[in-house]
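Enquirer: To start, I am sharing the structure in question, which I have written as structure tokens.
The values are calculated or read from the model by the stated rules, or taken from the named source; none is laboratory data. Worth saying up front: this structure is predicted, and the values here are computed from it rather than measured. Quick reminder, even Gly has a Cβ in these numbers, built from the backbone with ideal geometry, and neighbours come from all protein chains shown. Heads up: the accessible areas ignore ligands, DNA and RNA and are worked out on the full protein's heavy atoms, side chains in. Shrake-Rupley method; radii C 1.70, N 1.55, O 1.52, S 1.80 Å.
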Amino acid sequence: MLRHEASPAPPGSTLHPPLGVHTPRRHVNPMPPTTPSPMYVGIGRIALRMPQNGSLKDKRQIIRSVIQRTRNQFAVAIAEVGGQDAWSFAELGLSYVSNDARHAEEVIAKAIRSIEEARLDAEVVDTLIQVEQY
């Protein structure tokens, strides 16, 4: 009876080793060792006054609308960060991450400008924009 033995795979072949043969794996670092790229975080703060509001429910409806529209339109993180228990005042915080400082600042500025122009029932009292590098 003739036995056929498997011949070794030619160099450069993509064949797997025979079963039962252990080949050590090399650890490959997915990212080459380089200096990290700068990361910029655009930060915005906007204070709103809503004198027509008669309840927290009215205020929350306006704020929820502003947050949802801004988040969808500009892909920023946004939340109410101040004045949660005041009927006629709210402070919103925004952030955006980019590899370009100018772009991060532009996105935050456009988002704040959009809130200023779109809400007739909310008056912008104060704004702040800054960019931090990490």
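Enquirer: Carbon-plus-sulfur fraction of the accessible area of segment 30-74, 1.4 Å probe, in percent?
Expert: Values: 1710 of 2990 Å².
Carbon plus sulfur share of accessible area: 57 percent.
Enquirer: Taking K and R as +1 and D and E as -1, what net charge do the other residues with C-beta under 10 Å from the C-beta of N53 add up to? Don't skip to the end; give the middle numbers.
Expert: Working: positive: R49, K57, K59, R60; negative: D58, D121.
Here the count lands on +2.
Enquirer: Shifting gears a bit: Would you check the accessible area of S55, probe 1.4 Å, heavy atoms only, in square angstrom rounded to 10?
Expert: Per-residue accessible area (S55): approximately 30 Å².
Enquirer: Return one whole number: the accessible area per residue of segment 27-134 in Å², for a 1.4 Å probe.
Expert: On the way: 6890 Å² over 108 residues.
Here the residues of segment 27-134 average 64 Å² of exposed surface.
Enquirer: Let me ask you something else. Net charge near S65: determine it from the other residues with C-beta under 15 Å of the C-beta of S65, scoring Lys and Arg +1 and Asp and Glu -1. The partial results should precede the final answer.
Expert: Values: positive: K57, K59, R60, R64, R69, R71, R119; negative: D58, E80, E116, E117, D121.
After counting each charged neighbour, the total is +2.
Enquirer: Given a 1.4 angstrom probe, I'd like the percentage of the accessible area of segment 83-130 that is carbon and sulfur, rounded to a whole number.
Expert: Numbers: 1310 of 2830 Å².
The computed percentage sits at 46.
Enquirer: Here's a follow-up. Under the 0.36 nm per residue contour assumption, what length would be gained going from the current alpha-carbon distance of K57 and D85 to full extension? List each step's numbers first, then the result.
Expert: Values: separation 28, 0.36 × 28 = 10.08 nm, distance 1.06 nm.
Result for the pair: 9.0 nm of gain on full extension.
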